[in-house]
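> The following block contains the structure, expressed as structure tokens.
All of the numbers you see were taken from the coordinates with simple rules; none came from a lab. Remember, predicted model here, so these are calculated numbers, not experimental data. When we count neighbours, we look across all protein chains shown, and the Cβ atoms used for this are built from the backbone with ideal geometry, even at glycine.
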Amino acid sequence: MKTRTSNADLHSQIDLKRLPQHIAVIMDGNGRWARKRHLPRIAGHRAGIGAVRQVVEACARLGVPCLTLYAFSVENWKRPHTEVKLLMGLLREYLKKEIKELNRNNIRFGAIGRIASLPEPVQHDLRETIEKTSSSTGLRLTLALNYGGRSELIDAVRDLASELNGKDAPDLEAITEQSFSRYLYTRDMPDPDLLIRTSGEMRLSNFLLWQVAYSEIWVTDILWPDFTERELFQAVIDFQRRERRYGGLG
Ligand code: FPP
């Protein structure tokens with residue numbers, strides 16, 4: 001008889017000394033989850049918050065230093081106005097409800113993306129959550145909001161160009177991969193070691209394009225609202241079995 005490995009067994013297979021230092025997640029499949037249940041799409045997004053909670057807590061308990069979740073892309077504005085409005089509402093609800101829990105788990109909250117173009121009430125709640133969790137020293141939870149990998153690169157180039165503009169003879173040789181990455185939204189984080197995507201799609205969807213250059217990618221058919229700490233453990237175990245060569249011979 002085939003028995004299912006328990007979550008505790010999976011946990012015990014994880015080498016806590018070789019954890020990914022940064023996990024990035026493309027949370028996909030909320031709409032399909034809802035459609036399968038003949039529910040409105042927003043019910044899928046609401047259920048997705050449950051998965052966000054599980055994964056955040058599991059990463060905090062494991063001791064993963066950084067977790068970045070793709071919550072709203074620059075392309076998501078193309079969705080029906082009502083869905084966008086409801087998503088923004090859900091985000092505000094999450095932030096308000098979660099501050100206590102984030103602090104209890106020593107989690108520092110942050111946001112990346114074109115934040116200044118989000119509705120003012122959302123920006124207010126983001127600022128408040130960032131401030132109220134700023135002294136936490138554990139997991140760094142970052143939500144990518146109004147985020148696009150290409151717009152991040154454009155923003156970085158604009159910042160760099162405006163800096164060089166004031167100089168008579170800018171030293172272009174001084175622009176290196178390392179120096180350029182300091183203009184990215186993720187300037188104070190390591191690049192993701194592990195990129196997780198749910199609902200089976202084999203796409204990057206404009207997420208952290210620069211930063212995932214050498215990330216290990218783990219894709220599951222599970223729809224985001226069904227993602228639990230179990231799948232997170234499986235992804236980490238799989239990651240630890242892989243040999244990373246960064247283009248070299250190992
Ligand atoms: C993709 O599912 C998911 C999103 C566009 C948004 C992710 C949002 C949440 C998980 C809920 C809110 C999050 C927070 C942090 C408060 P989809 O709608 O593209 O699914 P589909 O591809 O099946 O249609």
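> Kindly evaluate His11 against the criterion of being more than 10 Å from the ligand (Cβ to nearest atom), surrounded by fewer than 21 Cβ atoms within 10 Å (Cβ to Cβ) and in a helix (DSSP H, G or I). If you could, list the steps in order and put the result at the bottom.
Values: more than 10 Å from the ligand (Cβ to nearest atom): yes; surrounded by fewer than 21 Cβ atoms within 10 Å (Cβ to Cβ): yes; in a helix (DSSP H, G or I): yes.
Judged against the criteria, His11 is a match.
> Collect the residues in segment 174-211 that are closer than 20 Å to Gln234 by Cβ and either more than 16 Å from the ligand (Cβ to nearest atom) or in contact with a Lys or Arg (Cβ under 7 Å, 6 or more places away or on another chain) (or both), keeping them in residue-number order.
Taking segment 174-211 as the starting set, the residues that turn out to be closer than 20 Å to Gln234 by Cβ are 192-202.
Hits for segment 174-211 are Pro192, Asp193, Leu194, Ser199.
> Report, ordered by the first and then the second residue, all pairs with beta carbons closer than 6 Å, sequence separation of six or more or different chains, a first member in segment 49-76 that is closer than 15 Å to Gly29 by Cβ, and a second member that is part of a helix (DSSP H, G or I) and of a type in the set (Phe, Trp, Tyr).
Ile49/Tyr94; Ala51/Trp224
> Test of understanding: among Arg92, Arg35, which residue is among the basic types (Lys, Arg), near the ligand (Cβ under 8 Å from one of its atoms) and part of a helix (DSSP H, G or I)?
One residue alone meets the criteria, Arg35.
> What number of residues in segment 221-230 are more than 12 Å from the ligand (Cβ to nearest atom) and within 16 Å of the chain's Cα centre (by Cα)?
Result for segment 221-230: 2.
> Filtering segment 152-170 down to residues that are under 19 Å from Phe207 (Cβ atoms) and in contact with a Leu (Cβ under 8 Å, 6 or more places away or on another chain), which residue is surrounded by the most Cβ atoms within 10 Å (Cβ to Cβ)?
At the first step, the residues of segment 152-170 found to be under 19 Å from Phe207 (Cβ atoms) are 152-157.
Those still in the list that are in contact with a Leu (Cβ under 8 Å, 6 or more places away or on another chain) too: 152-153, 156.
Numbers: Glu152: 25, Leu153: 15, Ala156: 18.
Checked segment 152-170; the qualifying residue surrounded by the most Cβ atoms within 10 Å (Cβ to Cβ) is Glu152.
> How many of the residues making up segment 112-129 are among the hydrophobic types (A, V, I, L, M, F, W, C) and surrounded by fewer than 15 Cβ atoms within 10 Å (Cβ to Cβ)? Spell out how you get there, then give the answer.
First pass over segment 112-129, keeping only residues among the hydrophobic types (A, V, I, L, M, F, W, C): 112, 115-116, 118, 122, 126.
Narrowing further to those that are surrounded by fewer than 15 Cβ atoms within 10 Å (Cβ to Cβ): 116.
Within segment 112-129, residues that are among the hydrophobic types (A, V, I, L, M, F, W, C) and surrounded by fewer than 15 Cβ atoms within 10 Å (Cβ to Cβ) number 1.
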